[in-house]
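Where a number appears in this text, it was derived from the coordinates with a stated rule and is not lab data. Please read all numbers here as calculations on a predicted model, not as lab measurements. All Cβ positions, even for glycine, are placed from backbone atoms using ideal geometry, and neighbour counts span all protein chains on display.
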Amino acid sequence: PTISPAQHSRTSPILLTSRNTCLKTLHDHFCIAYAPLLESADPKVKDAGHLLASQDALQQERDVWTRATKMSYRSSIVTMAVGIKKRDVEAVKRCLSEALSILPNGDANDHTELATALATRLRSLCTEVGTNAAVDEKRRSEERRIKTELSVTKLKDADLICPDRRLAEFGFDVVPTRDGKQEAAAAQSSTSADAAWGAGSSELSAHGQQKECDRCRKPFIVGQGGPSDSTTGQDMHACHYHWGKKTFERDPTAGVRHRVQVWTCCGRGVEAPLKGDRTCCVGPHVFKEEDVAQLHRREGFVSTQELDEQLSNEERQEAKSTRLEIVALDCELGYTTGGLSLTRVTLIDQGGKAIYDSLCRPRTTLVDTNLQFSGVTTAQLQDPTIPSLPVIRQTLTHYISPTTLLVGHGLENDLRALRLLHPLLCDTALLFPHPIKGFPYRQKLKDLAYRLLGRTIQAGMSTDGHSSLEDAKASLDLVKWK
């Protein structure tokens, strides 16, 4: 490369001949730094190397020329050349194979187009490609990434992973052995679960059974009592309830210290002296079950180890390229005639990118999507192509192995929704115990995110629900903060 008279200011105290001489020096050093490209037998790789060396030499010289004086110009060029000479050539070689694997398709005979695309890709992927200023910034960025990057080893050393022997103590579902002790989570299977809890998925629906409403606490018959045209078989207006929680607020009409108990959903007083119905919501009666044996009969539990063993050798080999060491997880649930059922599951990687986000079609009759909390509507679940829980669990094997660390907030609820047994867990609900009451009381993910991350989540209106992607990312970032 050369600098033409048109690219050189006549008023510059630095001669054009000096600039071109120094440009050649820089170019020679860039050629050494990009030797893995220039020595390649592949024409497009060699062209990419020449392109990068020319572009970076021109830009590096110009950066020096615009800042240096006549006296400091040559010494600054020497300093830049020394910096280029210290580049990690092996890093360029390592990034080359990755850049080639994701190179966009093009005309194999058009080396210029492919070389340009490859050069652009290398500039993005490799910390050792670019001017010295660009390389320094990329190195700092990589150092920050490595510093905040999670690993199972780091989290184990920091004692942030839930001990396997204490899973049951913290509310996670584990299979008991005959002597009453819990079975090692890594060894659990549907066979041992069936032996402990009965046949899995043997009683999907509670239709016709009497249950207590999870909202108003009144007894009702599941799937019955509604008009003949009801799609659920139930009266969709039988339950009058508050979806919020009780909290204390200062009463502006009374003294400064006087506080009253109100509902968070509508602001109405819990003991308001009003006649008639004081609730703010109307819907169907719904129920949920806590007994793990009953949950197993509704939808059978399965371990990640067992899911992995069900894969063929070819499928397991393919999954190696997509499985991650750490995955953040969040699930949303809705009410069905089988109790609380999974309606959406989201997985994100360490960078906060969603790697899997899918609705889940319940295998029993949908009664209420729990919109205020799930953000999932009935219309969204009408698509017959939406996968069911067994299909979703098979898909999860592409991202989760028996040794993957799962991150989340209140993970026992997410794993219960998935009917999944997994041994390696990092739960932010346990990492940040309630400061006053301690375990089993927990801090809300929303409060932790606001206080520690300065982030507002779950801030939608009552009809928006939560975002499983937003919640999963908040959990992951809280672990990084910790």
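Quick one: what does P(r) look like for the chain with 10 Å bins over all Cα pairs, in whole %? Reading the bins upward from 0: 4, 15, 20, 19, 14, 11, 9, 6, 2, 0. When you count the other C-beta atoms within 10 angstrom of each residue and take the mean per peptide, 327-335, 418-426 line up highest first as 327-335, 418-426.
Think of the chain as a dipole: +1 on every Lys or Arg Cβ, -1 on every Asp or Glu Cβ, centred on the Cα centre; then among Gly408, Ile221, Tyr335, Gly408 lies furthest on the positive end. Over the Cα atoms of region 309-385, the radius of gyration divided by the Kirkwood radius equals 1.07; this is the Rg/Rh ratio. Taking 21 Å as the limit for the C-alpha separation, the pairs Lys444/Lys473; Lys156/Lys480; Lys444/Lys482; Lys320/Lys482; Lys156/Lys446; Lys44/Lys93 exceed it in the case of Lys320/Lys482; Lys156/Lys446.
Can you pull out the trypsin sites (Lys or Arg not before Pro) in region 20-72 whose DSSP state is coil and whose Cβ has at most 16 other Cβ atoms within 10 Å? Within region 20-72, the qualifying trypsin sites (Lys or Arg not before Pro) (loop, at most 16 other Cβ atoms within 10 Å) are Lys70. I'd like the distance between the alpha-carbon centres of region 1-29 and region 385-447, rounded to an integer number of Å. Their Cα centres are 61 Å away from one another. For region 326-482, the C-alpha radius of gyration divided by 2.2 N^0.38 Å, with N the number of residues, is 1.02.
Distant-in-sequence amide contacts of Arg344, defined by a placed amide H-H separation under 5 Å and a gap of 5 or more residues or a different chain, comprise Glu332, Cys360.
Placing +1 on the Cβ of every Lys and Arg and -1 on the Cβ of every Asp and Glu, with no other charges, gives region 253-378 a dipole of roughly 880 debye about its Cα centre. The alpha-carbon positions of region 5-146 define a convex hull whose volume is 118 Å³ per residue.
Among residues other than Gln443 with Cβ under 11 Å from its Cβ, the summed charge is +4 (Lys and Arg +1, Asp and Glu -1). Taking the Cα centre of the chain as origin and assigning +1 to Lys and Arg Cβ atoms and -1 to Asp and Glu Cβ atoms, the resulting dipole is close to 2040 debye.
Peptides 3-14, 122-133, 403-414 ordered by packing proxy, namely the average of other Cβ atoms within 10 Å per residue, highest first: 403-414, 122-133, 3-14.
Working from Cα pairs under 8 Å separated by at least six residues, relative contact order for the chain is 12 percent.
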